[in-house]
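The values are calculated or read from the model by the stated rules, or taken from the named source; none is laboratory data. All figures in this text were calculated on a predicted structure; none of them were measured in a lab. Cβ: placed from backbone, ideal geometry, glycine included. Neighbour counts: every protein chain shown. Only protein heavy atoms, including side chains, enter the accessible area calculation; ligands, DNA and RNA are left aside. Shrake-Rupley method; radii C 1.70, N 1.55, O 1.52, S 1.80 Å.
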Amino acid sequence: MPEALRRIDPSLVTEIMVEDSWTQEPRGLTEMLEAEHLLFNQVWYNRHWNLRTSIDNGEIKLVDKETFPHLAGEQETIQRDVWKLLYKLREC
């Protein structure tokens, strides 16, 4: 089979050989935990920034006390004290 492939496209055989012979060491626990921590922070930042943008655009209103249930069609709200806590967490 390799000889037939070599006649058709020699570079294909080289690519297949490289794929079969290439190995990679598995990641260590420390490296995986660092990557997980980075991803967590990036997702948190993105969600926080989107929430902040929605508040700035008036799509979400800051209120002193949340009332439940939230009826369909009403403007979304977030409590001021919760927002202040999120803002403090961002500074950490």
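If you count, for each residue, the other Cβ atoms within 10 Å and average over each peptide, how do 25-31, 36-42, 83-89 line up from highest to lowest?
On the way: 25-31: 8.0, 36-42: 10.0, 83-89: 11.9.
Taking the mean over residues of other Cβ atoms within 10 Å, the ranking is 83-89, 36-42, 25-31.
I want to make sure I understand the PRE zone here: with the label point 7 angstrom from the Cα of ASN57 toward its beta carbon, which residues in the stretch 72-89 have backbone N atoms less than 18 Å away?
Counting only backbone N, you get 73-78.
Of GLU34, GLU74, which has the most accessible area and how do the rest follow, probe 1.4 Å?
Details: GLU34 115, GLU74 95 Å².
Listed by decreasing accessible area, they come as GLU34, GLU74.
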